[in-house]
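Each reported figure results from applying straightforward, stated rules to the coordinates on display, with no laboratory input. Only a predicted model underlies this, so the values are computations on that prediction, with no experimental measurement involved. Every residue, glycine as well, gets a Cβ built from its backbone with ideal geometry; the counts of neighbours run over all protein chains shown.
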Amino acid sequence: MLVERKQEWTELAEQEPQKQPQSNRRKRPQPNWQLRSKCLKLVAVAIMAAMVVTLHSEAMVRSGYSLVQMKKEAAKLEKENDLLRLEIAKLKSPERVAKIATSELGLVKPKNAYFADGYAPGAATLAQEPAKSMVAAKVKN
């Protein structure tokens, strides 16, 4: 009985090495290069689309920042413009002009002032009708 088992075992040992190399030698499937290239192209297109979206977003953010900066500058310039208009109004005031004329320039305010009450469009009309075209009024200060 032991001899028979040993024989069976040796027969099995001899047969198994022949079967193992066959079972270990599976054929590897050939890679599908067309499918791989299509997948690679799809991934490349997806990456490019993501880059375009990112660049567009960056441009929008950059323009938003520049818009805010321009609004700040416009507000600053409007405030400066208002201050300059106020300064112009102060400089044009008749009281200021009169004060500078009398104190710095040494001018004297006249006692009598004459104003024209009308308009003469041409010199010929003025020479022909002096009484109707221009009336002088004497004003006392």
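So for the pair residue 78, residue 39, with labels modelled 7 Å out along Cα→Cβ, what separation do we get in nm?
Placing both labels 7 Å along Cα→Cβ, they lie 6.0 nm apart.
By the scheme Lys and Arg +1, Asp and Glu -1, what is the net charge of all other residues having a beta-carbon under 14 Å from that of residue 100?
Around residue 100, the surrounding residues sum to +3.
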